[in-house]
Amino acid sequence: MNPFQEIKAVSPVQAIGMRGDMSLWDVDTAFGRLYDKALAGRLMFRQPAIGVRHGEVRIPDAFRSEYHVLFPLNASPGVEIPGTEIVDLPGAEVASFVHRGPYEWIQCTYEMVLDWLRENRYEAAGEVREVFFVAPEPHSGGTQDDMLTEIQVPIRPAA
């Protein structure tokens, strides 16, 4: 399956976030901590959650990546939430790719993303965003196989 979906424009987003070195297995826990902090601060945020993978576009290291977990905000918070930061993500033209299944398998999708960029003569023009559309619903019987993540790579034609 080719994960490429489309080239599209994404709008700027203001979000509350936490950044750190994370393994693939730490991402879910980090989102849980951010969720608790946002609720404690009575912030209004919207779905879906976003992750930003810092550094060049590459196959993610399963054990360590500089990563940002983010919840897009409905409005500027007006208060400081300890242990978090407000992040302004710029708008961009992105190549959109779909990853279905467990997050631990996202490395396989990134291999195809890198191949697509090379074959179609594009290069990354910024840091990769991961948009989490469907997470497992343990109370409704959902599994990690139900997960749906969009990988957004800001692009420009390769030199």
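Here are a few things to note about the model shown:
- Using C-alpha pairs under 8 Å with a sequence gap of at least 6, the mean separation divided by the residue count of the chain gives a relative contact order of 31 percent.
- The residue among Gln152, Ala62, Pro3 whose Cα reaches farthest toward the positive pole of the charge dipole of the chain, with charges on the beta-carbon of Lys, Arg, Asp and Glu, is Gln152.
- Under a model in which nothing but the beta-carbon of Lys, Arg (+1) and Asp, Glu (-1) is charged, the chain shows a dipole of about 340 debye around its Cα centre.
- Counting only alpha carbon atoms, the long axis of helix 27-40 and the longest principal axis of the chain meet at about 30°.
- Over the C-alpha trace of the chain, radius of gyration and Dmax come out as 15.6, 49 angstrom.
- C-alpha long axis of helix 106-119 to longest principal axis of the chain, angle in °: 40 degrees
- Taking a ≥ b ≥ c as the square roots of the eigenvalues of the alpha carbon gyration tensor, the range 1-77 is oblate, as a/c is not under 1.5 and a/b does not beat b/c.
Every number here is computed from the coordinates shown, using simple stated rules; none is lab data. Because the structure is predicted, anything quoted here is derived from the model rather than measured. Neighbour counts run over all protein chains shown; Cβ positions are idealised from the backbone, glycine included.
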